[in-house]
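Note sheet for the following structure.
The values are calculated or read from the model by the stated rules, or taken from the named source; none is laboratory data. Predicted model, so just to flag it, every value in this text is computed and none were measured. All Cβ positions, even for glycine, are placed from backbone atoms using ideal geometry, and neighbour counts span all protein chains on display.
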């Protein structure tokens with residue numbers, strides 16, 4: 001795989017220009033702050049912008065977490081792409097990411113100073129330091145699906161390509177990183193409960209969710225369910241599958257982490 005890198009200080013506008021670079025060089029994959037992006041869709045990963053501390057965000061961005069790294073490696077292999085653009089704040093950072101993902105060496109290095117003027121970089125850095133905002137190079141609908149509560153605004157980017165001599169419009173999204181957000185994210189418990197009831201109604205073997213408690217903490221949602229199920233199920237495996245579906249669907253729908261779901265079977269129904 002041919003590896004391109006785009007390096008620049010934090011908040012200098014790298015993500016804003018990532019899709020321009022990808023279009024110009026026919027690069028199908030972008031790796032930005034822990035997210036693998038292709039054609040405006042998030043294929044895999046977890047954004048460093050969702051971390052609750054700067055230290056955790058840095059570790060996420062440089063692939064320090066094994067599960068995150070494995071997920072990205074598998075997703076890259078599945079695409080059969082021949083090029084990838086990796087964003088980072090320094091050359092050593094992008095080289096570390098490249099090595100951890102076993103992509104080989106860096107083939108082409110770009111610096112933000114080659115793509116933006118000093119004034120543009122300074123404006124971007126002011127937005128980052130004063131407003132805490134970041135750009136993710138995907139459309140707003142994709143950000144809404146994965147980052148409910150972090151979405152701020154959309155950004156339509158119009159640029160011309162020397163390659164095809166035509167103007168190309170690309171939409172990116174502006175979010176506020178979790179560790180710079182001052183205020184509370186409110187997702188009403190009834191909304192979360194409705195999602196759980198809907199998932200359960202469509203999960204074979206679940207007869208009823210008898211009771212449900214929802215606890216919101218800094219780490220995410222902690223859930224306790226009391227359910228009625230059909231008799232004859234192999235409960236350990238069945239409940240693990242049910243737990244996985246609940247967590248996956250809730251995180252996908254709300255963009256909120258679900259670190260723990262306790263499930264209690266209080267009744268079995270015999271046909």
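Tally up the residues in segment 22-46 that are surrounded by fewer than 21 Cβ atoms within 10 Å (Cβ to Cβ) and part of a helix (DSSP H, G or I), please.
Residues that pass the stated criteria total 2.
Scan segment 180-235 for residues that are at pLDDT below 85 and either farther than 16 Å from residue 248 by Cβ or more than 26 Å from the chain's Cα centre (by Cα) (or both) and report the count.
So the answer is 16.
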